[in-house]
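Reviewing the structure listed below.
The values are calculated or read from the model by the stated rules, or taken from the named source; none is laboratory data. None of the values given here were measured: they were computed from a predicted structure. Cβ placement follows ideal geometry from the backbone for every residue including glycine, while neighbour counts extend to all protein chains displayed. Surface areas here come from the heavy atoms of the whole protein model, side chains and all, with no ligands, DNA or RNA. Shrake-Rupley method; radii C 1.70, N 1.55, O 1.52, S 1.80 Å.
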Amino acid sequence: MTDDLQKRIQAALANPQNMGELAGADAVGAVGNADCGEMLRLWVKFKEQNGKKVIDRATFQSFGCETAIAVASLATELIRGKTPAEALALKTEELAGELGPLPPMKIHCAQLVEGALRAALEPQSAENKTPAQPGASTLLDSFSKHPEGVKLTFLDPGK
Ligand code: FES
(Lines give C-alpha, C1' and ligand atoms only; values in the text may rest on other atoms or scores of the structure.)
Protein backbone atom coordinates (compact mmCIF):
# COMPACT_ATOMS: atom_id res chain seq x y z
CA MET A 1 0.00 0.00 0.00
CA THR A 2 1.33 3.44 -0.86
CA ASP A 3 2.06 6.02 1.83
CA ASP A 4 -0.46 8.33 0.20
CA LEU A 5 -3.25 5.78 0.40
CA GLN A 6 -2.29 4.92 3.98
CA LYS A 7 -2.55 8.65 4.84
CA ARG A 8 -5.98 8.94 3.22
CA ILE A 9 -7.20 5.86 5.07
CA GLN A 10 -5.85 7.22 8.36
CA ALA A 11 -7.56 10.57 7.67
CA ALA A 12 -10.89 8.80 7.14
CA LEU A 13 -10.34 6.71 10.28
CA ALA A 14 -9.49 9.78 12.35
CA ASN A 15 -13.11 10.89 12.09
CA PRO A 16 -15.17 7.90 10.95
CA GLN A 17 -18.75 8.71 10.03
CA ASN A 18 -21.89 6.68 10.63
CA MET A 19 -20.48 3.90 12.79
CA GLY A 20 -22.85 1.78 14.84
CA GLU A 21 -26.32 0.32 14.66
CA LEU A 22 -29.05 2.58 13.26
CA ALA A 23 -32.16 2.52 15.44
CA GLY A 24 -35.36 2.24 13.42
CA ALA A 25 -33.56 1.22 10.23
CA ASP A 26 -35.74 0.21 7.29
CA ALA A 27 -33.27 -2.25 5.76
CA VAL A 28 -30.13 -4.07 6.74
CA GLY A 29 -27.54 -6.03 4.82
CA ALA A 30 -24.55 -8.02 5.97
CA VAL A 31 -21.69 -9.67 4.17
CA GLY A 32 -18.55 -11.50 5.10
CA ASN A 33 -15.30 -12.44 3.43
CA ALA A 34 -14.27 -16.00 4.18
CA ASP A 35 -10.60 -15.41 3.37
CA CYS A 36 -9.80 -12.49 5.66
CA GLY A 37 -12.62 -13.08 8.16
CA GLU A 38 -13.97 -9.54 7.94
CA MET A 39 -17.71 -8.96 8.23
CA LEU A 40 -19.65 -5.79 7.64
CA ARG A 41 -23.23 -4.93 8.44
CA LEU A 42 -24.96 -1.88 7.01
CA TRP A 43 -28.26 -0.29 8.06
CA VAL A 44 -30.31 2.06 5.90
CA LYS A 45 -33.16 4.40 6.77
CA PHE A 46 -35.27 6.00 4.02
CA LYS A 47 -37.26 9.19 3.79
CA GLU A 48 -39.57 10.77 1.22
CA GLN A 49 -38.10 13.67 -0.70
CA ASN A 50 -39.89 15.36 -3.60
CA GLY A 51 -42.11 12.31 -3.96
CA LYS A 52 -39.16 9.91 -4.13
CA LYS A 53 -37.85 7.40 -1.61
CA VAL A 54 -34.28 8.40 -0.81
CA ILE A 55 -31.67 7.27 1.69
CA ASP A 56 -31.92 9.44 4.78
CA ARG A 57 -29.09 7.81 6.66
CA ALA A 58 -26.89 4.72 6.56
CA THR A 59 -24.64 3.33 9.28
CA PHE A 60 -22.35 0.33 9.56
CA GLN A 61 -20.47 -1.97 11.89
CA SER A 62 -17.39 -3.93 10.96
CA PHE A 63 -14.96 -6.28 12.63
CA GLY A 64 -12.08 -3.88 12.14
CA CYS A 65 -10.47 -3.84 8.70
CA GLU A 66 -9.25 -0.25 8.40
CA THR A 67 -9.83 -0.02 4.66
CA ALA A 68 -13.36 -1.40 4.94
CA ILE A 69 -14.13 1.08 7.75
CA ALA A 70 -12.69 3.98 5.73
CA VAL A 71 -14.70 3.01 2.64
CA ALA A 72 -17.89 2.42 4.65
CA SER A 73 -17.46 5.80 6.33
CA LEU A 74 -17.15 7.57 2.97
CA ALA A 75 -19.81 5.47 1.24
CA THR A 76 -22.46 5.98 3.92
CA GLU A 77 -22.01 9.73 3.48
CA LEU A 78 -22.00 9.48 -0.32
CA ILE A 79 -25.33 7.62 -0.56
CA ARG A 80 -27.31 10.06 1.58
CA GLY A 81 -30.09 11.65 -0.46
CA LYS A 82 -29.78 9.08 -3.25
CA THR A 83 -32.57 6.74 -4.30
CA PRO A 84 -31.84 3.03 -3.78
CA ALA A 85 -31.37 2.67 -7.56
CA GLU A 86 -28.87 5.56 -7.64
CA ALA A 87 -26.93 4.07 -4.72
CA LEU A 88 -26.89 0.63 -6.34
CA ALA A 89 -25.57 2.16 -9.57
CA LEU A 90 -22.41 3.40 -7.82
CA LYS A 91 -19.30 1.47 -8.74
CA THR A 92 -16.89 0.08 -6.15
CA GLU A 93 -14.31 2.79 -6.84
CA GLU A 94 -16.97 5.50 -6.51
CA LEU A 95 -17.92 4.19 -3.07
CA ALA A 96 -14.26 4.45 -2.04
CA GLY A 97 -14.47 8.13 -2.99
CA GLU A 98 -11.50 10.25 -2.00
CA LEU A 99 -9.45 7.22 -1.00
CA GLY A 100 -8.73 6.92 -4.69
CA PRO A 101 -7.68 3.72 -6.45
CA LEU A 102 -7.11 0.84 -4.06
CA PRO A 103 -4.31 -1.70 -4.54
CA PRO A 104 -5.45 -5.15 -5.71
CA MET A 105 -5.17 -6.67 -2.23
CA LYS A 106 -7.54 -4.01 -0.83
CA ILE A 107 -10.19 -3.94 -3.53
CA HIS A 108 -12.17 -6.67 -1.76
CA CYS A 109 -12.45 -4.36 1.29
CA ALA A 110 -14.44 -1.89 -0.80
CA GLN A 111 -16.36 -4.77 -2.40
CA LEU A 112 -17.43 -5.82 1.08
CA VAL A 113 -19.05 -2.40 1.57
CA GLU A 114 -20.65 -2.63 -1.86
CA GLY A 115 -21.95 -6.13 -1.04
CA ALA A 116 -23.51 -4.97 2.24
CA LEU A 117 -25.16 -2.07 0.43
CA ARG A 118 -26.51 -4.44 -2.21
CA ALA A 119 -27.77 -6.86 0.43
CA ALA A 120 -29.67 -4.00 2.08
CA LEU A 121 -31.04 -2.38 -1.08
CA GLU A 122 -31.59 -5.02 -3.74
CA PRO A 123 -35.32 -5.16 -4.35
CA GLN A 124 -35.37 -8.93 -4.68
CA SER A 125 -33.74 -9.39 -1.26
CA ALA A 126 -37.07 -9.29 0.51
CA GLU A 127 -35.63 -10.72 3.71
CA ASN A 128 -33.41 -7.68 4.04
CA LYS A 129 -36.33 -5.28 3.97
CA THR A 130 -37.22 -6.16 7.52
CA PRO A 131 -36.15 -3.64 10.14
CA ALA A 132 -32.90 -4.28 11.93
CA GLN A 133 -33.29 -6.65 14.83
CA PRO A 134 -33.44 -4.85 18.16
CA GLY A 135 -31.29 -6.03 21.01
CA ALA A 136 -28.25 -6.97 18.97
CA SER A 137 -25.58 -5.16 20.90
CA THR A 138 -22.60 -6.08 18.76
CA LEU A 139 -21.99 -7.17 15.21
CA LEU A 140 -21.14 -10.65 16.46
CA ASP A 141 -24.39 -10.73 18.47
CA SER A 142 -26.36 -9.72 15.44
CA PHE A 143 -24.91 -12.59 13.45
CA SER A 144 -25.26 -15.22 16.13
CA LYS A 145 -28.59 -14.28 17.73
CA HIS A 146 -30.62 -13.01 14.81
CA PRO A 147 -29.60 -14.96 11.73
CA GLU A 148 -33.11 -14.56 10.29
CA GLY A 149 -32.52 -10.83 9.83
CA VAL A 150 -29.09 -11.15 8.28
CA LYS A 151 -27.98 -12.14 4.84
CA LEU A 152 -24.43 -13.40 4.94
CA THR A 153 -22.71 -13.45 1.59
CA PHE A 154 -19.20 -14.69 1.09
CA LEU A 155 -17.69 -12.64 -1.67
CA ASP A 156 -15.15 -13.94 -4.10
CA PRO A 157 -11.99 -11.98 -3.23
CA GLY A 158 -10.59 -12.78 -6.68
CA LYS A 159 -13.21 -10.63 -8.41
FE1 FES B 1 -10.53 -8.21 4.12
FE2 FES B 1 -10.18 -5.58 4.41
S3 FES B 1 -8.66 -7.16 4.60
S4 FES B 1 -12.02 -6.65 4.23
Calculated from backbone phi, Karplus (6.51, -1.76, 1.60) coupling profile of the range 85-94 in Hz, x at Gly/Pro: 5, 5, 5, 5, 7, 5, 7, 3, 5, 6
Three-way shape call for the range 1-41 based on the alpha-carbon gyration tensor, with the a/c threshold at 1.5: oblate
Whole-angstrom gap from the range 82-106 to the range 19-36, using each part's C-alpha centre: 17
31 Å Cα-Cα threshold exceeded, pairs from Lys7/Lys91; Lys7/Lys52; Lys7/Lys82; Lys53/Lys91: Lys7/Lys52
Hypothetical label at Met105: residues of the range 25-43 whose amide nitrogen lies under 20 Å (7 Å Cα-Cβ projection): 33-39
Amide H within-cut-off set for Glu38, under 5 Å, with H built and near neighbours excluded: Asn33
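Rolling a 1.4 Å sphere over the protein heavy atoms, what is the accessible area per residue of the range 40-86, to the nearest Å²? All intermediate terms of the calculation are to be shown ahead of the outcome.
On the way: 1890 Å² over 47 residues.
Here the residues of the range 40-86 average 40 Å² of exposed surface.
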